[in-house]
Amino acid sequence: MTHGKKQNKKFGRLRGERIAFMRNLCNDLIRNGKIETTEVRAKAIRPDVERLVTFAKHQTLASRRVILSRVNNARITKKLYEEYRPRYADRKGGYLRITKLAQSRKRDGTRMARIEFV
């Protein structure tokens, strides 16, 4: 039985590598506003980034510290507070859009997607 087992994607990496990989994808998305990656990766980082934007909307020192601990980058934290917080102040959720692209990756045929802020 799988009670209490959260099914995470492993991406063929060990735990520490996977955490760093996901953190880097999230940082790239916040820094650039949109990235092109595989569908599976886009779906995996969506809840993390949306949670960070929601934390930024709270405007407390505790939420700033949580964001800083998750992204490990003061510039990204500042960008979340100064750019994305005012943009999504009235929105309840759903800050990201995943668009499936027509082409697949030539190397292995993986389906590609673009994830971007709405």
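The values are calculated or read from the model by the stated rules, or taken from the named source; none is laboratory data. Keep in mind it's a predicted model, so treat the numbers as computed, not measured. Note: ideal-geometry Cβ built from the backbone for every residue, glycine included; neighbour counts use all protein chains shown. We work out accessible area using only protein heavy atoms, side chains counted, and drop any ligands, DNA or RNA first. Shrake-Rupley method; radii C 1.70, N 1.55, O 1.52, S 1.80 Å.
Some points to look at:
- Lysine pairs meeting the criterion (Cα under 17 Å, 8 or more apart or interchain), as found in the chain: 10
- Hydrodynamic radius by Kirkwood, which averages 1/r over all alpha carbon pairs of the chain, in angstrom: 15.3 Å
- Accessible area in square angstrom per residue, the chain, 1.4 angstrom probe: 68 Å²
- Rounded percent of accessible protein surface that carbon and sulfur make up, the chain, 1.4 Å probe: 47 percent
- Of L96, L61, L52, the residue with the greatest mean-square motion in the GNM of the chain, using alpha carbon springs below 10 Å, is L61.
- Under 5 Å between amide hydrogens, built in the peptide plane, is the criterion, and for L96 it picks out V118 among residues at least 5 positions away or on other chains.
- Applying both filters, DSSP loop and at most 16 other Cβ atoms within 10 Å, to the trypsin sites (Lys or Arg not before Pro) of the range 65-109 gives R91, K92, R105, K106, R107.
- Acute angle (nearest 10 degrees) that the helix 39-58 long axis makes with the longest principal axis of the chain, alpha-carbon atoms: 10 degrees
- Structural descriptor for the chain: relative contact order 31 percent, calculated from alpha carbon pairs under 8 angstrom and at least 6 residues apart.
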